[in-house]
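Asks: Just dropping this structure here.
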Amino acid sequence: MARTYAVEDVSAQPDLWRAKPAPEAKPHYAGHRERLRERAVAGGLPALPDYELLELFLFRSIPRGDVKPLAKQLLARFGSLGGVLGASVGELRTVAGVGEAAALDLKLLHEAMLRAAKEQVARRPVISSWSALLAYVKAALAHEAREQFRVLFLDKKNQLIADEVMNRGTVDHAPVYPREVVRRALELSASALILVHNHPSGDPTPSSADVEMTRQVVEAARPMRIAIHDHLVVGRDGVASFKALGLM
């Protein structure tokens, strides 16, 4: 009598015979945010290079993904951390990966930095806190894309009354009206002024037009007994002082 044998249907048990798919590979940047935060806490923020400092800030604006390439791209596009913060929202948005939220957050950081720097100038007589003043005007104007003319109005103790933008212009010229400068000084009861403008080219060397404009403001202010302490020209390469250069 022939024997019969049962044959197990393996198709009914696929999990036992079929190869299981390999686990999904993690992205190369997995865990990077946590490691960077730990390094910042352990070694302190001053120990981080600029691109990692920028990364940490971008974590807040861009909650997922690898932002290291974006941080490096921003620094390459604008030249420095100061250049990134000084760029306008429109300029920041031209960099792929920078949305409205990230651009606005970077500008908020820049504004906070400016206000902190201005506090250092406002608390003491400007003449005795000159290094703080230079740091402030450089932070405010070194990366402006268009020329801007502003005036620091001082009281009798040489303390800051107001810092006002008197005019904005093109990439190489901002019109200045000496009578308007003096009129505003009288409105604020200012006793002295410091003129400030920027050179978007980056070179703070005063031009012949800068020298002539300064002379006109000095002459307009003299009958009103308003002193012009200095004229500062700001560029990415530094700050030039008319007084230090012997131009006034």
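Asks: Can you give the extra length, in nm with one decimal, that the chain gains between residue 145 and residue 203 once fully stretched, where that is 0.36 nm per residue apart less the Cα-Cα distance? All intermediate terms of the calculation are to be shown ahead of the outcome.
Replies: Details: separation 58, 0.36 × 58 = 20.88 nm, distance 1.31 nm.
Stretched fully, the residue 145-residue 203 segment lengthens by 19.6 nm.
Asks: Taking neighbour counts of Cβ atoms within 10 Å as a proxy for exposure, in what order, fewest first, do 196, 89 appear?
Replies: Lowest to highest Cβ neighbour count: 89, 196.
Asks: For helix 130-141, what angle does its Cα long axis make with the longest principal axis of the chain, in degrees from 0 to 90 and rounded to 10?
Replies: With both axes taken from Cα atoms, the answer is about 60 degrees.
Asks: Could you tell me which trypsin sites (Lys or Arg not before Pro) in segment 193-248 are loop residues by DSSP with no more than 10 other beta carbons within 10 angstrom of their beta carbon?
Replies: Numbers: sites: 215, 225, 236, 243; in loops: 225, 236, 243.
Sites meeting the loop and neighbour criteria: 225.
Asks: Where does helix 178-187 land angle-wise versus the long Cα axis of the chain, in degrees 0 to 90, nearest 10?
Replies: Once rounded, one gets 90 degrees.
Asks: Once the Cα atoms of helix 68-78 and of the chain are each reduced to a long axis, what angle between those two axes, in degrees from 0 to 90 to the nearest 10, is obtained?
Replies: 30 degrees
Asks: Counting only helical runs of four or more DSSP H residues, what would the 222 nm mean residue ellipticity of the chain come to if each run contributes -39,500 (n - 2.57) and the total is spread over all its residues?
Replies: Values: 10 runs with 109 residues, N = 248.
Value at 222 nm, helices only, nearest 500: -13500 deg cm²/dmol.
Asks: If you don't mind, there's one more thing I want to ask. So how far apart, in nm, are the two label points at residue 162 and residue 39 if each is 7 Å from Cα heading toward Cβ?
Replies: 4.7 nm
Asks: Could you work out which residue, out of 205, 94, 214, moves most in a Gaussian network model of the chain, that is, has the largest mean-square fluctuation with Cα springs under 10 Å?
Replies: Result for the chain, Cα springs under 10 Å: 94 fluctuates most.
Asks: When DSSP beta bridges are limited to those with both residues in the chain, what percentage is antiparallel, rounded to the nearest 5? Kindly include the intermediate steps, with their values, before the conclusion.
Replies: Numbers: 17 of 24 bridges.
DSSP beta bridges in the chain are roughly 70 percent antiparallel.
Asks: Hey, with R₀ at 41 Å, roughly what FRET efficiency would residue 122 and residue 32 work out to, going by the Cβ-Cβ distance, to 0.05?
Replies: Working: r = 41 Å, r/R0 = 0.99.
Rounded to the nearest 0.05, the efficiency is 0.50.
Asks: Test of understanding: given the chain, find the longest segment containing no chymotrypsin sites (Phe, Trp or Tyr not before Pro) that are in a DSSP loop and have at most 15 other Cβ atoms within 10 Å.
Replies: 30-248
Asks: Once you mark the GluC sites (Glu not before Pro) that are in a DSSP loop and have at most 10 other Cβ atoms within 10 Å, what is the longest gap between them in the chain? Before the final figure, lay out the partial values.
Replies: Numbers: sites that count: 8, 24.
Here the longest run is 25-248.
Asks: Keeping to pairs on different chains or 8 or more places apart, tell me how many lysine pairs in the chain have Cα atoms under 24 Å apart.
Replies: Final tally of qualifying lysine pairs is 15.
Asks: OK, next. In segment 79-148, which trypsin sites (Lys or Arg not before Pro) are in a loop and have at most 12 other Cβ atoms within 10 Å, using DSSP for the loop call? Let's see the in-between values first.
Replies: Details: sites: 93, 107, 115, 118, 123, 138, 146; in loops: 123, 146.
Passing both the DSSP loop test and the Cβ count: 123.
Asks: Once label points are set 7 Å from the Cα along Cα→Cβ at both residue 81 and residue 96, what is their separation, rounded to one decimal in nm?
Replies: 2.7 nm
Asks: If you take every residue apart from residue 121 with its C-beta less than 15 Å away from the C-beta of residue 121, what net charge results, scoring Lys and Arg +1 and Asp and Glu -1?
Replies: Numbers: positive: 115, 118, 123, 124, 138, 150, 157; negative: 119, 155, 163, 164, 230.
Neighbour charge sum, excluding residue 121 itself: +2.
Each reported figure results from applying straightforward, stated rules to the coordinates on display, with no laboratory input. In this text the structure is predicted, and so the values were computed from the model without any measurement. Glycine gets a Cβ as well: all are built from the backbone with ideal geometry, and neighbour counts include every protein chain shown.
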